[in-house]
Amino acid sequence: MIRGRVWKFGDDVNTDVIMPGKYLAMHDPAEIAPYIMEGIDPDFGKKAKPGDIIVAGKNFGCGSSRETAPGGLKAFGIGAIIAPTFARIFLRNAVNIGLPVLECPAAAADIREGDVVAVEMATGRITDETTGRTYQASPFPPFLQELIAAGGLIPYVRRRLGVA
Amino acid sequence: MTITEKILAAHAGKAAVEPGEFIVARPDMVMGNDLSTAGAIGVLRKMGAAKVFDPEKIAIVFDHIVPARDIQAADLLKGVRQWVREQGIRHFFDEGRHGIAHIILPEQGLALPGNLIIGGDSHSCTYGAVGAFSTGVGHTDLAGVLALGEIWLKVPASIKSTYHGTLGPWIMGKDLILATIGKIGIDGALYQAMEFRGPALATLGMSERLTMCNMAIEAGGKSGIVAPDEVTLSYVRERATRPWTVYQSDPDARYVAEYDFEITGMRPQVAKPFSPDNVVPVDEVAGTPLDQVFIGSCTNAKLEDLRIAARILRGKKAHAGTRLIVIPASTWIWNQALKEGLLEIFAEAGAAVSTPTCGACFGGHTGVLGAGEVCLSTSNRNFVGRMGHPTAQSYLANPAVAAASAIKGCIAAPEEVL
Ligand code: SF4
């Protein structure tokens, strides 16, 4: 169960604001984690806490394929991201590295900044504990659920390669 | 089936596929750039993958931070070079052969009709211009495909955009794709394949088609594609490194959306800050003062783009208050531009001409914008902070508008300076 305080963002949050290009050559997620969302709110890395949840508008993560975007969010400790839709490369990257993402238009519209929200990844159930409302995210197809259950792409490939 | 569905079916070993279906496909070519390859090498180690699936089907291209922009970049490039050597990868475009991957692959005959190509960069959709299915992934996915030689994909539904009419002077592929993105929005093609066609499109050369497919991602598209015709085949015949297969969409292929664009009388298009779908005719923003004009990137720094910019800049000077930066997209293009005298025209116009690199496009180096500065760029994205400081602004346009704007020192239509 993932539980945390909500930070809200608008539509089309792109990877240039999630993780500006100047940090692109840094591949250590811990190094870039403090700079997440810098392009929208330079203080976000100071205000937010590990475990917090991002609720955003449509097409979250659009733009470049940089994994410093989901990687930075994960390294910071963002508990989950809820949005009506995600940009496709961001969605793949998030699933691959084990950053919880949920597509749920109703939850994304209703949930307010500061609410405390609980998320169950296995079922896609989202509970806004502040308002008491519950929501159901669109389930991932079985194919992706397997990948998520395996812990992302790295363990999946290790298994395929027969690496212990 | 659409051309996209046919290519995906063929690479998944199936007779047919449906949009929404999950497949496991085997790519013909996998591209990694300096940054994504460096990321993938780390992931490959964690995956326990000592060898890549097939060194012949891999192209590694240095573009983002080459020539090494700082010590960190130098160390990163050094690590990738060593790995490339260990893996025996021949298609390696290091300094001296380097350039922007999305231009190098088609130019070097590594992206071919009917191919399935996976690239570790979002603009990998560019290769659709040769009639390939091609899409971008992050570096963990890149590592997965380098290790296994396969990747899971969801078969995208297709959107058909048909272009009618005749192109006016100074109207380019950039204007067609900006108009398209302006109409459908930056998530207008989310998870979908964009198929470009029609009588106006048929008259476009490869350079314009590459620009259009390049920016499919700016509409959220998974891929962009132009079915091969004589223009494609004569381009491919000169450079192909392997045999290829031509696919065409069936007359009864299904599309989730169809758009029609009338090109006759179209004005050059400009995307205003801070989104590529914030598109207006150039006349609406003409006169906006500019600190910098950037002619570069995988979108518009091909030989044809440079020729058009040079036609406007010949014998003229960039405005005293406006920096002009020109970065040819590949080493081959740079050499060709030298032979044709284009570089001389730029130099005499007062431009800073650089060796090929992404550079200013992603605010990395070689033309980064300071606080409050305004730039007109031939690249593909103008989000907040894309080209430098978060308060800097970028306008996106074709190379003719860029050249004219450099001369005037403010956004200008090409005919204003002739
Ligand atoms: S030129 Fe710009 S958009 Fe193209 S690959 Fe380089 S950074 Fe990306």
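All of the numbers you see were taken from the coordinates with simple rules; none came from a lab. Please read all numbers here as calculations on a predicted model, not as lab measurements. Reconstructed Cβ throughout: ideal geometry from the backbone, glycine too, with neighbour counts over all protein chains shown.
A few points about this structure:
Here is a yes/no grid of residues against (1) among the aliphatic types (A, V, I, L, M); (2) away from chain A (no Cβ under 14 Å):
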{"site": "B:GLU208", "(1), (2)": "no, yes"}
{"site": "B:THR211", "(1), (2)": "no, yes"}
{"site": "B:GLU218", "(1), (2)": "no, no"}
{"site": "B:PRO243", "(1), (2)": "no, yes"}
{"site": "B:VAL246", "(1), (2)": "yes, yes"}
{"site": "B:ARG254", "(1), (2)": "no, yes"}
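- The one condition from (1) touching a residue at least 24 places away in the same chain (Cβ under 8 Å); (2) over 18 Å from the mean Cα position of the chain (by Cα) that B:HIS98 does not meet is (2).
- Selected residue (only one of B:TYR163, B:TYR191 is surrounded by fewer than 21 Cβ atoms within 10 Å (Cβ to Cβ), among the hydroxyl-bearing types (Ser, Thr, Tyr) and within 30 Å of B:PRO273 (Cβ to Cβ)): B:TYR191
- Residue in segment B:78-87 that is crowded, with 16+ Cβ neighbours inside 10 Å and in contact with a Pro (Cβ under 6 Å, 6 or more places away or on another chain) present: yes
- Scanning segment B:303-321 turns up no residue that is assigned to a loop (DSSP other than H, G, I, E, B) and within 16 Å of the ligand (Cβ to nearest atom).
- Sole residue being more than 23 Å from B:PRO156 (Cβ to Cβ), more than 16 Å from the ligand (Cβ to nearest atom) and surrounded by 20 or more Cβ atoms within 10 Å (Cβ to Cβ), chosen from A:PHE86, A:PHE60, A:PHE9: A:PHE9
- Every condition in (1) without any contact (Cβ under 8 Å) to a residue 12 or more places away in the chain; (2) in a loop (DSSP other than H, G, I, E, B) holds for B:SER234 except the one numbered (2).
- Odd one out for B:THR203 among (1) within 16 Å of the ligand (Cβ to nearest atom); (2) over 16 Å from B:TYR127 (Cβ atoms): (1)
Residue by residue, here is whether (1) out of contact with any Lys or Arg (no Cβ under 9 Å at 6 or more places or on another chain); (2) more than 16 Å from the ligand (Cβ to nearest atom) holds:
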residue	(1), (2)
B:LEU8	no, yes
B:ALA15	yes, yes
B:GLY20	no, yes
B:MET29	no, yes
B:GLY32	yes, no
B:THR37	yes, no
B:LEU76	yes, no
B:GLN82	yes, yes
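- Residues located in segment A:1-42, provided they are of a type in the set (A, V, I, L, M, F, W, C), more than 13 Å from the chain's Cα centre (by Cα) and outside any loop (DSSP other than H, G, I, E, B): A:VAL17, A:ALA30, A:ILE32, A:ALA33
- Pair list, Cβ < 6 Å and 6+ apart or interchain, from segment B:24-35 residues that are facing chain A (nearest Cβ under 10 Å) to residues that are surrounded by fewer than 24 Cβ atoms within 10 Å (Cβ to Cβ) and part of a strand (DSSP E or B): B:VAL24/B:TRP152
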